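Peer 1: Dumping the structure here so I can ask a few things about it.
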Amino acid sequence: MLNFKKTILNSKSTISEAIKSLNESGLNIILVLDEKNKYIGTVTDGDIRRSLVNNFNLKKKISQITNKNSKFLIGRNSRETIINFMLKHKIQRLPILSHKRFPIKLIQIEDFIKNIKNDYPFVIMAGGKGKRMMPLTKKIPKPMLKINNKPIIEFIIEKAKKEGFKNFYISVNYLRDKIINHLNDGKKLNINIKYLKERSALGTVGSLSMLPKSISEPILLTNGDIITDLNYKNLINFHIKNKADLTVSMGLQQYENPFGIINSKGTKLISLIEKPITYNYVNAGIYVLNSNLVNYISKTKKMDIPEFLKTLSKKKKKYVFTPF
């Protein structure tokens, strides 16, 4: 049975706590209970994004953004009933409640409909010089730096493998033999690895131009130095559900100002906020893109994500952002 306990929060929990819960569970939904532990509704990643767009403070209670008209079923139901109910209401997560309105199960549509295949190409960008990590990267590429005696790139591959990915493409340039000699063709890890060998640095997305033309599925793209709890399959599912051409994942960055901030009008003190905390979303370096977007990438010129986004805007392509 799906372990969904991390999705359950009290209505007095904060938006910040909801974001943490979403990250830990990877299920894209929060089940909200009242003071009597009775189900009152849901908060999804979409609700979180809308609250941030509307400048909600992350310390606000999730009761203010809870969808109290969310769909659910009570008690035992047949497989057919559950599938038809979810398809009818176009929902991907369905809480099952006891007769006392306490969540006893959370159904995922992918439990019944295999809309996530295992053969999506997984591309790892590992060609950079890692200048910010010098001198550690003077003789070894950043993805090969070790944590607990294991290269970072292996953590990425092993996590993706557990989620069912098996076809990997790794873009290499700087000290590329270090990566190739270590991973080879991937047979030891029971996966397939092919290398996109850059003759010169092609930037964040430039190496995608070297992917096989036969690829027609959405492509999962990640930087070669990112260890994350993000569920890659959920990201692809989000991409497909939103009919996006490109999906960009975002991470939440917290910054505590070491000083007190003074707001004044002339010589009159309006407020003094001691060491305020601000939150910003930053590019997390993990993407999903439709394979036809590769046509907009030059085989010889360097291209980074900002330039790529500008190109897609001109072509009126749809790109979306999602926190994790």
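Peer 1: How about the stretch 230-267: which of its residues are touching a strand residue (DSSP E or B) at 6+ places or on another chain (Cβ under 8 Å), over 18 Å from S16 (Cα atoms) and touching a residue at least 40 places away in the same chain (Cβ under 8 Å)?
Peer 2: Passing the criteria: Y232, L235, I236, F238, H239, N242, A244, D245, L246, T247, V248.
Peer 1: K315: closer than 23 Å to K213 by Cβ, modelled with pLDDT under 90 and touching a helix residue (DSSP H, G or I) at 6+ places or on another chain (Cβ under 7 Å), yes or no?
Peer 2: Values: closer than 23 Å to K213 by Cβ: yes; modelled with pLDDT under 90: no; touching a helix residue (DSSP H, G or I) at 6+ places or on another chain (Cβ under 7 Å): yes.
No, not satisfied.
So that you can scan it fast, the table gives a plain yes or no per residue for (1) in contact with a His (Cβ under 9 Å, 6 or more places away or on another chain); (2) small (G, A, S); (3) surrounded by fewer than 16 Cβ atoms within 10 Å (Cβ to Cβ); (4) closer than 27 Å to D45 by Cα:
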site: L252; (1), (2), (3), (4): no, no, no, yes
site: T267; (1), (2), (3), (4): no, no, yes, no
site: T278; (1), (2), (3), (4): no, no, yes, yes
site: V282; (1), (2), (3), (4): no, no, yes, yes
site: N295; (1), (2), (3), (4): no, no, yes, no
site: K299; (1), (2), (3), (4): no, no, yes, no
site: K314; (1), (2), (3), (4): no, no, yes, no
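Peer 1: I227 - would you say it is touching a Pro at 6+ places or on another chain (Cβ under 9 Å), open to solvent by 20 Å² or more (accessible area, probe 1.4 Å) and in contact (Cβ under 8 Å) with a residue 24 or more places away in the chain? Spell out how you get there, then give the answer.
Peer 2: Values: touching a Pro at 6+ places or on another chain (Cβ under 9 Å): no; open to solvent by 20 Å² or more (accessible area, probe 1.4 Å): yes; in contact (Cβ under 8 Å) with a residue 24 or more places away in the chain: yes.
Considered against the rule, which asks whether it is touching a Pro at 6+ places or on another chain (Cβ under 9 Å), open to solvent by 20 Å² or more (accessible area, probe 1.4 Å) and in contact (Cβ under 8 Å) with a residue 24 or more places away in the chain, I227 comes out as no.
Peer 1: Sticking with this structure for a sec: Mind listing just one residue for me: the one in the stretch 166-193 that is in a loop (DSSP other than H, G, I, E, B) and in contact with an Asp or Glu (Cβ under 8 Å, 6 or more places away or on another chain) and, of those, surrounded by the most Cβ atoms within 10 Å (Cβ to Cβ)?
Peer 2: The first filter runs over the stretch 166-193 and keeps only residues in a loop (DSSP other than H, G, I, E, B), leaving 166, 173-175, 184-186, 190-191.
Among the residues that remain, those that are also in contact with an Asp or Glu (Cβ under 8 Å, 6 or more places away or on another chain) are: 166, 173.
Values: K166: 17, N173: 20.
Only one residue fits best here, namely N173.
Peer 1: Those residues that are in a loop (DSSP other than H, G, I, E, B) and surrounded by 17 or more Cβ atoms within 10 Å (Cβ to Cβ), I need them from the stretch 126-146; list them, please. Before you say what the answer is, go through the steps one by one.
Peer 2: First, pick out the residues of the stretch 126-146 that are in a loop (DSSP other than H, G, I, E, B): 126-130, 134-141, 145.
Hits for the stretch 126-146 are A126, G127, G128, G130, T137, I140, P141.
Peer 1: Do you know which of the residues in the stretch 254-300 that are hydroxyl-bearing (S, T, Y) and part of a strand (DSSP E or B) is farthest from K241 (Cα to Cα)? Please lay out each step first, then the result.
Peer 2: Keep residues of the stretch 254-300 that are hydroxyl-bearing (S, T, Y), which gives 255, 264, 267, 271, 278-279, 281, 287, 291, 296, 298, 300.
Within this subset, residues satisfying the condition of being part of a strand (DSSP E or B) are 255, 264, 271, 278-279, 281, 287.
Working: Y255: 33, S264: 47, S271: 45, T278: 31, Y279: 27, Y281: 22, Y287: 15 Å.
Taking the candidates together, the pick is S264.
The values are calculated or read from the model by the stated rules, or taken from the named source; none is laboratory data. Owing to the predicted nature of the structure, the values given are computational and were not obtained by experimental measurement. No Cβ is skipped: glycine too gets one built from the backbone with ideal geometry, and neighbour counts run over all protein chains shown. Calculation scope for accessible area: heavy atoms of the full protein, side chains included, ligands and nucleic acids excluded. Shrake-Rupley method; radii C 1.70, N 1.55, O 1.52, S 1.80 Å.
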